[in-house]
Amino acid sequence: MAVKFRAGQQLVSAVDSTAVIVIRAPAQEGTLTCGGVAMAVPDQAVTPAAPDPSQLDGTQIGKRYVDEADTIQVLCTKAGRGTLALDGKPLQIQAAKPLPASD
Amino acid sequence: MRLTLLLDMAADGFGDRVLAGRRSGGITAAELARRSHSGAALVRQRAADALVYLDVNGPAFPVALFAAARAGVPLVPLNYRLGRLQLDELLARHPKALGIAGPGALAHFERAGLTAITSDDWLEQTRADRGEISDPDQRSDAGRAAAPDDENPVAVVIYTSGTTSAPKGVLLRHENLVSYVLGSVEFASADETEAALVSVPPYHIAAVANVITNLYAGRRTLVLEAFTPGEWLRTVREEAVSSAMVVPTMLARIIDSEEDRSVPTLRSLSYGGAPMPAALIERALGEWTEVGFVNAYGLTETSSTVALLGPEDHRAALASSDPAIRARLSSVGRPLPGIELEIRGPGGEPLGPGQSGRICVRGGQVSAEYAGLGRAVDDQGFFDTRDDGFLDQEGYLFISGRTDDTIIRGAENIAPAEIEDVLLRHPAVLDAVVFGVPDQEWGQRIEAAVVPRPETNLDPADLREFTLQALRSSKTPDRFWLLRELPRTETGKLLRRMVPALIATDHSATDHSATDHSATPSARPAPSPRACGTTAAKARKPA
């Protein structure tokens with residue numbers, strides 16, 4: 001089910017422990033999946049599901065994930081086994097551009 | 001998004017890592033998360049709507065910050081050096097607060113009729129398990145719609161120093177602080193061996209930013225409660241400190257220290273909070289060739305840093321013979337990726353490179369919000385910093401000073417900082433301030449007050465000549481005053497407007513006007529070094 005994303009929105013996986021927070025929301029509605037199964041908004045009943053075995057690249061805590069067209073950016077706040085994808089297209093880790101510490 | 005999200009990620013990602021205090025016995029990420037739940041329960045038991053922190057920086061501070069965040073109430077760190085009347089006035093603004101008090105500070109809360117516990121008790125009591133407080137970010141959309149007010153609560157209230165008017169409470173919301181961290185720090189990017197040394201008091205934005213950015217990076221923080229150059233240098237060596245933040249007055253005292261100045265483990269030294277004299281940073285770069293220097297520019301209202309000059313920029317500027325690149329040593333670098341920065345003219349129009357005007361910023365970390373006054377932003381969401389400056393061709397930002405400090409002599413706008421920078425290059429000058437004085441002929445004339453370096457013989461005629469060689473005569477002060485000390489806040493900000501009053505009341509101030517060279521500065525005893533970490537609002541009289 002396609003949803004309208006909003007920056008700051010949290011989404012949890014139905015197949016593993018993965019949780020993400022939306023940093024940049026696309027203008028269009030879309031379906032964010034983890035391990036091939038749609039992610040749910042908190043408080044929504046999550047029906048545990050089995051992942052698609054071909055979508056188990058894993059998620060890493062603290063990494064940012066973006067789609068190829070750079071329309072969505074999510075931050076992984078809990079790691080898991082599944083692969084993140086937007087409308088079937090896998091998200092990639094965005095390379096870090098480290099800044100020197102200033103505080 | 002709340003600050004507790006960052007803490008929970010840290011507890012999840014590197015829970016066993018010590019984040020605050022000494023390597024053995026310090027508080028780990030997981031423990032900080034547990035204590036934040038326990039502290040939040042204490043706040044709720046007392047139905048407090050704010051947590052006021054009145055103590056020096058220490059392990060109780062990060063626990064207080066995250067307990068308040070977890071409970072959804074603001075943390076209000078207050079300046080423990082304020083006078084009784086000022087404290088009474090600020091505490092009266094938080095009549096339902098719970099207080100955390102340093103030694104001797106409980107009486108302030110009692111006077112205000114507030115419940116308070118000592119910092120030691122706070123650390124003791126937050127050890128106990130009081131159950132978990134649910135994460136408000138986990139609420140459903142229906143829950144959000146039902147209570148939109150706690151969608152994005154205030155995380156921290158910081159009072160401005162208020163040198164000319166009543167202090168204003170700057171409101172920093174969770175979104176502002178989280179936006180700052182996510183925009184400038186990479187999660188778990190610090191090595192386990194890294195340690196950051198903090199020497200700013202807890203009611204300063206840098207102290208708040210320090211806690212949350214280092215937490216997210218996974219870097220241990222150590223606090224120096226009372227700054228002295230010797231203590232700072234010893235702590236850097238003994239605790240193998242890898243990064244530190246200082247204000248310019250602290251760096252000046254460290255570099256001037258007679259003690260062992262070796263800092264073998266230090267890799268990053270950031271500075272900010274007040275303008276850095278060019279002569280001082282050049283000396284520091286020469287002294288510590290292995291250290292990466294970072295100049296950060298930011299305001300309380302912008303959740304700390306909005307622009308920074310990184311280590312490579314510093315070294316490139318120092319090594320360059322191109323005056324435009326060399327000049328960048330005095331710049332604050334380029335804006336952070338999440339910040340839009342514009343220089344604007346008097347009519348609000350955007351100005352191009354090289355043109356000086358008002359510095360305006362926009363971005364998720366910019367709060368620009370004051371208690372009782374709302375947000376001070378324009379239609380497009382830009383906040384006017386009231387700092388003047390310009391961008392060079394490659395986008396490096398140069399700050400000329402506070403708009404309010406500009407001296408208008410004849411029709412010419414003169415930034416005191418430019419003249420002060422020249423005065424501070426004189427070998428016999430320890431500290432200097434330039435200010436405008438009402439003048440019948442010019443509207444304002446320029447005067448300077450300087451603090452001579454101990455054991456030197458400062459000749460004002462020589463200083464005038466020195467200034468004339470670097471600047472036009474219209475920018476050379478008409479009069480030089482010699483003072484024993486300048487009024488500064490304890491974080492090194494010059495209280496410029498207090499200087500004329502100080503000269504008027506300090507009979508030991510000696511005047512050296514352009515036409516009168518009769519007074520001899522050598523008749524004055526050598527001044528004592530400026531006390532940093534104290535509000536040096538009064539010039540000391542000769543003994």
Mind telling me which of the residues B:Ala244, B:Ala226, B:Ala284, B:Ala252 ends up being farther than 21 Å from B:Arg425 by Cβ and modelled with pLDDT of 90 or more?
B:Ala244
I'd like the residue in the range B:184-216 that is facing another protein chain (nearest Cβ under 9 Å) and out of contact with any helix residue (DSSP H, G or I) (no Cβ under 9 Å at 6 or more places or on another chain) and, out of all such residues, is nearest to B:Tyr271 (Cα to Cα).
B:Ala206
Could you check, for the range B:68-85, whether at least one of its residues is assigned to a helix (DSSP H, G or I), under 23 Å from B:Thr160 (Cα atoms) and among the basic types (Lys, Arg)?
yes
I'd like to know if the range A:56-69 contains one or more residues that are within 15 Å of B:Met1 (Cα to Cα), in contact (Cβ under 8 Å) with a residue 12 or more places away in the chain and part of a loop (DSSP other than H, G, I, E, B).
yes
Please count how many residues of the range A:1-45 are in a strand (DSSP E or B) and among the hydrophobic types (A, V, I, L, M, F, W, C).
13
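Does A:Lys97 satisfy being touching a strand residue (DSSP E or B) at 6+ places or on another chain (Cβ under 6 Å) and within 14 Å of chain B (Cβ to nearest Cβ)?
Here the answer is no, as A:Lys97 does not meet what is asked.
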Confirm whether B:Phe227 is within 14 Å of chain A (Cβ to nearest Cβ) and either touching a Cys at 6+ places or on another chain (Cβ under 7 Å) or under 25 Å from A:Arg64 (Cβ atoms) (or both).
no
Which ones in the range A:21-38 are away from chain B (no Cβ under 14 Å) and either surrounded by 20 or more Cβ atoms within 10 Å (Cβ to Cβ) or more than 16 Å from A:Asp52 (Cα to Cα) (or both)?
A:Pro26, A:Ala27, A:Gln28, A:Glu29, A:Gly30, A:Leu32, A:Thr33, A:Cys34, A:Gly35, A:Val37
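One line per residue, one yes/no per condition, for (1) in the same structural domain as B:Gly83 (by TED's automatic domain parsing); (2) at pLDDT 75 or above; (3) among the aliphatic types (A, V, I, L, M); (4) within 19 Å of B:Gly401 (Cα to Cα):
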site: B:Thr476; (1), (2), (3), (4): no, yes, no, yes
site: B:Arg484; (1), (2), (3), (4): no, yes, no, no
site: B:Ala501; (1), (2), (3), (4): no, yes, yes, no
site: B:Thr505; (1), (2), (3), (4): no, yes, no, no
site: B:Ser518; (1), (2), (3), (4): no, no, no, no
site: B:Ala539; (1), (2), (3), (4): no, no, yes, no
A:Ala79 passes all but one of the listed conditions (1) under 30 Å from B:Val306 (Cα atoms); (2) touching a strand residue (DSSP E or B) at 6+ places or on another chain (Cβ under 9 Å); the exception is number (1)
Of the residues that make up the range B:243-259, is at least one β-branched (Val, Ile, Thr), within 25 Å of B:Pro74 (Cα to Cα) and either out of contact with any Leu (no Cβ under 7 Å at 6 or more places or on another chain) or in a loop (DSSP other than H, G, I, E, B) (or both)?
no
Among the residues of the range B:314-334, what is the count of those that are touching a residue at least 60 places away in the same chain (Cβ under 8 Å) and within 11 Å of chain A (Cβ to nearest Cβ)?
3
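Here is a yes/no grid of residues against (1) touching a Ser or Thr at 6+ places or on another chain (Cβ under 6 Å); (2) in a strand (DSSP E or B):
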{"site": "B:Val332", "(1), (2)": "no, no"}
{"site": "B:Leu341", "(1), (2)": "no, yes"}
{"site": "B:Ile359", "(1), (2)": "yes, yes"}
{"site": "B:Gly364", "(1), (2)": "yes, no"}
{"site": "B:Ser367", "(1), (2)": "no, no"}
{"site": "B:Gly381", "(1), (2)": "no, no"}
{"site": "B:Asp384", "(1), (2)": "no, yes"}
{"site": "B:Gln393", "(1), (2)": "no, no"}
Taking the criterion of being in a loop (DSSP other than H, G, I, E, B) and not basic (Lys, Arg), would at least one residue in the range B:292-301 satisfy it?
no
Yes or no: B:Ser38 surrounded by fewer than 24 Cβ atoms within 10 Å (Cβ to Cβ), modelled with pLDDT of 95 or more and either more than 14 Å from chain A (Cβ to nearest Cβ) or at positive phi (or both)?
yes
Which is without any contact (Cβ under 8 Å) to a residue 60 or more places away in the chain and surrounded by fewer than 21 Cβ atoms within 10 Å (Cβ to Cβ), of B:Arg84, B:Arg127, B:Arg44?
B:Arg84
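If only one of B:Ala50, B:Ala11 is at pLDDT 95 or above, of a type in the set (A, V, I, L, M, F, W, C) and either surrounded by fewer than 20 Cβ atoms within 10 Å (Cβ to Cβ) or under 25 Å from B:Tyr203 (Cβ atoms) (or both), which one is it?
Sole residue among the options that is at pLDDT 95 or above, of a type in the set (A, V, I, L, M, F, W, C) and either surrounded by fewer than 20 Cβ atoms within 10 Å (Cβ to Cβ) or under 25 Å from B:Tyr203 (Cβ atoms) (or both): B:Ala50.
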So which residues in the range A:45-84 are small (Gly, Ala, Ser), surrounded by fewer than 20 Cβ atoms within 10 Å (Cβ to Cβ) and more than 14 Å from every other protein chain (Cβ to nearest Cβ)?
A:Ala49, A:Ala50, A:Ser54, A:Gly58, A:Ala69
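Here is a list: B:Ala47, B:Ala67, B:Ala33. Which entry is under 17 Å from B:Thr118 (Cα atoms) and not hydroxyl-bearing (Ser, Thr, Tyr)?
Exactly one residue qualifies, and that residue is B:Ala67.
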Unmet requirement for B:Ser161, which otherwise passes all of (1) at pLDDT 95 or above; (2) over 30 Å from A:Val3 (Cβ atoms); (3) more than 9 Å from every other protein chain (Cβ to nearest Cβ)
(1)
Any idea which of B:Thr235, B:Thr249, B:Thr300 is touching a residue at least 60 places away in the same chain (Cβ under 8 Å), out of contact with any helix residue (DSSP H, G or I) (no Cβ under 9 Å at 6 or more places or on another chain) and over 25 Å from B:Pro353 (Cα atoms)?
B:Thr249
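The values are calculated or read from the model by the stated rules, or taken from the named source; none is laboratory data. Keep in mind the model is a prediction, meaning the values are calculated, not measured. Don't worry about glycine lacking a Cβ; one is built from the backbone with ideal geometry, like all the others, and counts go over all protein chains shown.
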